[in-house]
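Chemist: Quick one: structure below, then a few questions.
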Amino acid sequence: MMAKAGGGRTPHPKTPRASEATVADLMMPHQANGLRRPSVFGGVIMSMVDRCAALSAMRHSGGQCTTLSIDRILFKEPIRVGELVEVRSRVVHVGRTSLSVLADVYAEAIATGVRRHTNECWLTFVHLDDDGQPAPVPPLKLETQEDRLMHDLAQRRREALLAERR
Ligand SMILES: CC(C)(COP(=O)(O)OP(=O)(O)OC[C@H]1O[C@@H](n2cnc3c(N)ncnc32)[C@H](O)[C@@H]1OP(=O)(O)O)[C@@H](O)C(=O)NCCC(=O)NCCS
């Protein structure tokens with residue numbers, strides 16, 4: 001996904017909380033797959049994850065970002081039509097021009113209020129300048145133990161991705 005936000009880039013470090021984003025949608029019949037007992041089509045969830053993570057990348061970088069990779073999306077359990085899907089994301093690691101974003105997906109059965117964590121996904125974005133070239137992003141300020149844990153996990157994932165680079 002290519003996305004653009006207004007405003008200039010700040011040189012100041014930003015915390016993962018500053019880039020938190022949420023995208024939510026009520027799952028409708030046209031979003032179901034063709035299974036005998038239909039669940040929501042995986043591509044619907046992937047689209048929501050990409051859009052939400054792009055918002056986080058834009059919030060951190062203060063400008064346009066493009067998806068470089070969707071490293072992994074794990075579908076742990078089905079999401080049903082009629083459930084509310086909420087994606088929450090934040091930037092957990094930055095390189096010079098790239099940003100690693102962690103997105104969590106929750107499904108809520110509205111009638112009962114029961115909420116499940118159904119998916120987690122790691123994405124990498126690259127911040128682009130007005131000419132479409134990779135551009136530097138602000139540093140990430142790690143404040144909590146959780147920030148440091150996710151940062152280290154993202155760092156290891158990034159190293160693995162770069163090792164595969166041809
Ligand atoms: C994203 C894009 C601009 C990067 O171009 P590039 O020539 O690889 O740019 P660079 O070599 O300068 O790398 C940019 C950043 O991406 C990182 N990167 C590039 N390839 C990578 C890979 N395979 N794995 C992990 N990171 C990678 C680099 O390390 C660098 O990050 P850093 O500055 O934090 O170290 C280019 O690949 C692109 O335009 N891709 C298409 C994006 C798109 O259309 N997305 C929507 C898909 S539907």
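FYI, it's all coordinate maths here, none of it is from the lab. Treat the numbers as computed from the prediction; the structure is a model and nothing was measured. Positions of Cβ are backbone-derived with ideal geometry, glycine not excepted, and every protein chain shown enters the neighbour counts.
Chemist: Please report Rg over Rh for the chain, where both radii come from the alpha carbon positions and Rh follows the Kirkwood definition. Intermediate results must be reported in sequence, preceding the final value.
Modeler: Details: Rg = 16.5 Å, Rh = 16.5 Å.
Using Cα coordinates only, the ratio equals 1.00.
Chemist: Which order do the peptides 77-88, 109-120, 136-147 take when ranked by the mean count of other beta-carbon atoms within 10 Å per residue, highest first? Intermediate values should be presented prior to the final figure.
Modeler: Working: 77-88: 17.4, 109-120: 12.4, 136-147: 15.2.
Put in order of decreasing packing, that is 77-88, 136-147, 109-120.
Chemist: A follow-up question, please. Stick to the Cα atoms of segment 67-132, pair each with every other, and give me the Kirkwood hydrodynamic radius in Å at one decimal.
Modeler: Details: mean 1/r = 0.0744 Å⁻¹.
The answer is 13.4 Å.
Chemist: Treating the angle as unsigned and between 0 and 90°, give the value, to the nearest 10°, between the Cα long axis of helix 42-61 and the longest Cα principal axis of the chain.
Modeler: Tilt relative to the chain: about 30 degrees.
Chemist: Then there's this: Taking only DSSP H segments of four or more residues, each worth -39500 (n - 2.57), what value at 222 nm results for the chain once the sum is divided by all its residues, to the nearest 500 deg cm²/dmol? All intermediate terms of the calculation are to be shown ahead of the outcome.
Modeler: Values: 2 runs with 40 residues, N = 166.
So the calculated ellipticity at 222 nm is -8500 deg cm²/dmol.
Chemist: How long is the gain from Leu162 to Asp129 if the chain were fully straight, where each residue apart is worth 0.36 nm and the alpha carbon distance is subtracted?
Modeler: Numbers: separation 33, 0.36 × 33 = 11.88 nm, distance 2.24 nm.
Once the chain is fully extended between Leu162 and Asp129, it gains 9.6 nm.
Chemist: Output the 0 to 90 degree angle, nearest 10, between the alpha-carbon long axis of helix 145-164 and the longest principal axis computed from the alpha carbons of the chain.
Modeler: 80 degrees
Chemist: Which length gain, in nm to one decimal place, applies between Val114 and Arg17 when the Cα-Cα distance is subtracted from 0.36 nm times their residue separation?
Modeler: Values: separation 97, 0.36 × 97 = 34.92 nm, distance 2.53 nm.
In short, 32.4 nm is gained.
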